[in-house]
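For reference, the structure discussed in these notes is given below.
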Amino acid sequence: MLIEDAVYGDREIEEEVLKELIDSRPFQRLKNIHQAGPQPFFMDKYPMTRYEHSLGVMLLLRDHGASLEEQIAGLLHDVPHTAFSHMVDFVYDTDEHDYHDRFLEKVVKDSEIPEILEKHGLDVDYILDEENFGLLERDAPDLCADRIDYFLRDSQRYGDWKVDHFADSLTSVGGMFVLDDRELAIEYGKKYAEADEEWWANPKEVILTEIFAKAVKEALEQDVLTEEELFGTDEQVMEKLRNSDNKLIQEKLELLDNGFEIELEAENPDMEVTTKARAVDPPVTVDGEVRKASEFSDELKKRIKEHKEFVKSGYSVNIKEK
């Protein structure tokens, strides 16, 4: 199986278990789950998918010598995402944007994936426990494959930033990702905060997600949509909303279809919303020791602190229809 990846290049996959998992129904579904949530439906934004990202995480782990089990865990880590990805966290108000994490075991075990793993002599419970895999997942502000891949992927696609030097500087020490250049680690930390402000926590995109989430919440409350249907595809959920005769749902969709502008720091806001602040303080090897990049840069330390404070304070906005 040849994987042609925009970030890591072409890779040939020979392991039968990986090929079977990639071809499985739950993983193929990720081709129809947008990484950015509802944004590609309402604005000019490239429709990056969870499928691309999950393959990328697996390839990144593979390139850095991760075990087959960790590669599989990386491949499967986003299988439980609902339609429109983190939009669901606005529906259910999850501060850590981790609604999908609660369903990893259920979604996997209710599918053909356990049978595939067992056929190849692999323990499904071990693979589903991300605490076994320090390259795949770590608490912020450390680096991990999940966090690294979406930064590299979105930077290349949305920011047209050159990211090869970040990827080339990555290495692993003691089961964790580190950078091998101090100045590059500082640059990485600054770029990551910039990426959060421009894309993942961008006020207008957050407001767009919040407006769409209100339509979805109304659909759930009025039995237009079931929670189980959230585990379908973006298109399937959108079709249910579009075909509804619910007035509030159609008002929200019309606002998004027509476009809107926002005024930040409004005194009498139409909407107040908070989102997750994302930041990294990249580990870097210096004289054989692993240190945080901010130890060598007061500027980075200040940048991370101010960025977190800005995002966590939330956005109070007035919305102006176009």
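Over the residues of the chain, the helix contribution to mean residue ellipticity at 222 nm works out to -13500 deg cm²/dmol, using -39500 (n - 2.57) for each DSSP H run of at least 4.
Output the relative contact order of the chain, whole-number percent, from Cα pairs under 8 angstrom with separation of 6+ residues.
Once normalised by length, the contact order is 18 percent.
Here the simple spin-label model places points 7 Å from the Cα toward Cβ, and for ASP287 and GLU105 these points are separated by 4.6 nm.
A protection proxy built from the mean count of other Cβ atoms within 10 Å ranks the segments 227-235, 254-262, most packed first, as 227-235, 254-262. Per-residue Cβ neighbour counts within 10 Å put HIS120, HIS34 in the sequence HIS120, HIS34, beginning with the fewest. Listed by Cβ neighbour count within 10 Å, with the fewest neighbours leading, ILE13, ILE72, ILE249 appear as ILE13, ILE249, ILE72. What does the C-alpha gyration tensor say about the overall shape of the range 204-259? Classify as rounded when a/c is under 1.5, otherwise prolate if a/b is larger than b/c, or oblate. Prolate, since a/c reaches 1.5 and a/b exceeds b/c. What label, among (i) 65, 39, 34; (ii) 60, 48, 40; (iii) 59, 52, 29, belongs to Cα extents along the principal axes in Å computed from the structure on display? Evaluating Cα extents along the principal axes in Å on these atoms matches (iii).
Quick one: if the Förster radius is 22 Å, what FRET efficiency do MET176 and SER67 give, using the C-beta to C-beta distance and rounding to 0.05? List each step's numbers first, then the result.
Values: r = 15 Å, r/R0 = 0.67.
For R0 = 22 Å, the calculated efficiency reads 0.90.
Backbone N atoms of the range 136-165 closer than 20 Å to the 7 Å Cα→Cβ label point of ALA6 belong to residues 145-165. Counting alpha carbon pairs within less than 8 Å and at least 6 residues apart, what relative contact order, in whole percent, applies to the range 204-259? With pairs under 8 Å counted, the relative contact order is 42 percent.
The numbers here are math on the coordinates, done by the rules we state, and not lab data. What you are looking at is a predicted structure, and each value in this text was computed from that prediction instead of being measured. When we count neighbours, we look across all protein chains shown, and the Cβ atoms used for this are built from the backbone with ideal geometry, even at glycine.
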